[in-house]
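Chemist: Structure in structure tokens, see below.
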Amino acid sequence: MKRLIINILIFIFAINSVEAHPGIGIVKDSKNNIYYTDLTHVWKITPNGNRTIAVRNVHTHELYVDEMDNLYGEHEYYKGEDSDSWGNYVWCLTKDGDFQIIIPEVEGFLENNTLVRDAQGNSYWSKEVGEFQQINIETPNGKKSLLATHKFQNIRWMHFSKATNCIYVVDHLTIIKVTLSGKVEIIADNLKENSPPFNGVADRHYIFGLTTDSNHNIYAATFGAKEVKKITPNGIITTAYKSENEWSPCGILVDANKTKWIMEFSKSNKTRIVRIDDDGQRKIFGG
């Protein structure tokens, strides 16, 4: 039990272990502000490049911005040895700057943290069914149903694409597209490199955040390979970005100007953003 508690604290505070896996949360609002998580705070980068803390002291791996520019995340935390339990709640930072808890704290983890949503406000989450997982959908009025009958092996992350109106799933080492009618298509199952993974990361942490651009290209932060992979609609896979030194990509956003915002995590558990403009110019935030 003592060793378990130590491991949990390592996970929460991201100390000396890749198993304290990074977040994937990087989003943009309608005013072109960028928000991202470093697992301790949520940061804001304004269009003129100013970086400030938007939400303090929240451990969230994912973020979501709605059509009204309200920002959503969660807070996961270990309560300590006395209770030996976890706490979890979902918060909202309104467009006016008010911090609100919108899903009250539960002991353990929420089944659906509501942070994977489509344009209509439906949320998606994975649920264990025996030895496999399935994707469920919950409407804004609370109606829950099964989205797809496909049996997933180990869902790590999901991303809803406004460009394609589909959900993209990291299922262990496979990227799968799921339409809102439940049709499933394997997009890529060959992203793992033959070389040793970054910092010895396990397969379950090899692929992190996904995004799409306006041309329906898919971008995958292959954390284990230190690369962002680009997958075209006809299945051609190329390397869109390669991290340097102790850094590796864990999240990515491509905006309407084709600017890539790449979130990187380091061997020393730091987070930074690399902005790459369409003309190739780079700027680094944080780290």
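The values are calculated or read from the model by the stated rules, or taken from the named source; none is laboratory data. Note that the coordinates shown come from a computational prediction; the quantities given were computed from them, not determined experimentally. Note that each Cβ is placed from the backbone with ideal geometry, even for glycine, and that neighbours are counted across all protein chains shown.
Chemist: Consider H59 carefully, then state whether it is modelled with pLDDT under 95 and crowded, with 20+ Cβ neighbours inside 10 Å.
Modeler: no
Chemist: Shifting gears a bit: Pick out the one residue from S85, S145, S123 that is within 21 Å of V42 (Cβ to Cβ) and of a type in the set (G, A, S).
Modeler: S123
Chemist: Quick one: in segment 207-255, of everything that is of a type in the set (F, W, Y) and outside any strand (DSSP E or B), which residue is surrounded by the most Cβ atoms within 10 Å (Cβ to Cβ)?
Modeler: Here the answer is F223.
Residues are listed down the side, and each one gets a yes or a no for (1) modelled with pLDDT of 95 or more; (2) closer than 25 Å to T149 by Cα; (3) in contact with a His (Cβ under 8 Å, 6 or more places away or on another chain); (4) loosely packed, with under 15 Cβ neighbours inside 10 Å:
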{"residue": "P47", "(1), (2), (3), (4)": "yes, no, no, yes"}
{"residue": "G73", "(1), (2), (3), (4)": "yes, no, no, no"}
{"residue": "I102", "(1), (2), (3), (4)": "yes, no, no, yes"}
{"residue": "L115", "(1), (2), (3), (4)": "yes, yes, no, no"}
{"residue": "N122", "(1), (2), (3), (4)": "yes, yes, no, no"}
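Chemist: L147 - would you say it is without any contact (Cβ under 8 Å) to a residue 60 or more places away in the chain, over 23 Å from C250 (Cβ atoms), surrounded by 18 or more Cβ atoms within 10 Å (Cβ to Cβ) and in contact with a strand residue (DSSP E or B) (Cβ under 8 Å, 6 or more places away or on another chain)?
Modeler: Against the criterion (without any contact (Cβ under 8 Å) to a residue 60 or more places away in the chain, over 23 Å from C250 (Cβ atoms), surrounded by 18 or more Cβ atoms within 10 Å (Cβ to Cβ) and in contact with a strand residue (DSSP E or B) (Cβ under 8 Å, 6 or more places away or on another chain)), L147 qualifies.
Chemist: Ok, one more. Within segment 109-131, does at least one residue satisfy the condition of being in contact with a Gly (Cβ under 9 Å, 6 or more places away or on another chain), touching a residue at least 12 places away in the same chain (Cβ under 8 Å) and either over 26 Å from D171 (Cα atoms) or assigned to a strand (DSSP E or B) (or both)?
Modeler: no
Chemist: Here are some conditions: (1) without any contact (Cβ under 8 Å) to a residue 40 or more places away in the chain; (2) in contact with a helix residue (DSSP H, G or I) (Cβ under 9 Å, 6 or more places away or on another chain); (3) surrounded by 14 or more Cβ atoms within 10 Å (Cβ to Cβ). D203 meets all but one. Which one does it not meet?
Modeler: (3)
Chemist: Please return the ranges of strands (runs of 3 or more DSSP E) entirely within segment 14-97 where 2 or more residues are in contact with a strand residue (DSSP E or B) (Cβ under 6 Å, 6 or more places away or on another chain), under 19 Å from K270 (Cα atoms) and of a type in the set (A, V, I, L, M, F, W, C).
Modeler: Counting at least 2 such residues, we get 26-28, 42-45, 51-55.
Chemist: Moving to a separate point now. Tell me which of these I103 doesn't satisfy, since it passes every other one: (1) closer than 30 Å to K270 by Cβ; (2) in a strand (DSSP E or B); (3) without any contact (Cβ under 8 Å) to a residue 12 or more places away in the chain.
Modeler: Only one criterion is unmet by I103, namely (3).
Chemist: Restricting attention to segment 240-255, report how many residues are within 13 Å of T212 (Cα to Cα) and either at pLDDT below 95 or of a type in the set (D, E) (or both).
Modeler: Residues meeting the conditions: 1.
Chemist: Only residues that are of a type in the set (S, T, Y) and either over 16 Å from the mean Cα position of the chain (by Cα) or more than 30 Å from D118 (Cβ to Cβ) (or both): list them for segment 193-228, please.
Modeler: Once the filter is applied, which keeps residues that are of a type in the set (S, T, Y) and either over 16 Å from the mean Cα position of the chain (by Cα) or more than 30 Å from D118 (Cβ to Cβ) (or both), segment 193-228 yields S195, S214.
Chemist: Give me the residue from segment 156-190 that is assigned to a strand (DSSP E or B) and among the charged types (D, E, K, R) and, out of that set, surrounded by the fewest Cβ atoms within 10 Å (Cβ to Cβ).
Modeler: E185
Chemist: Given the condition free of Cβ contacts under 8 Å to residues at least 60 places away in the same chain and among the hydroxyl-bearing types (S, T, Y), answer yes or no: does some residue in segment 269-279 qualify?
Modeler: Checked segment 269-279: no residue is free of Cβ contacts under 8 Å to residues at least 60 places away in the same chain and among the hydroxyl-bearing types (S, T, Y).
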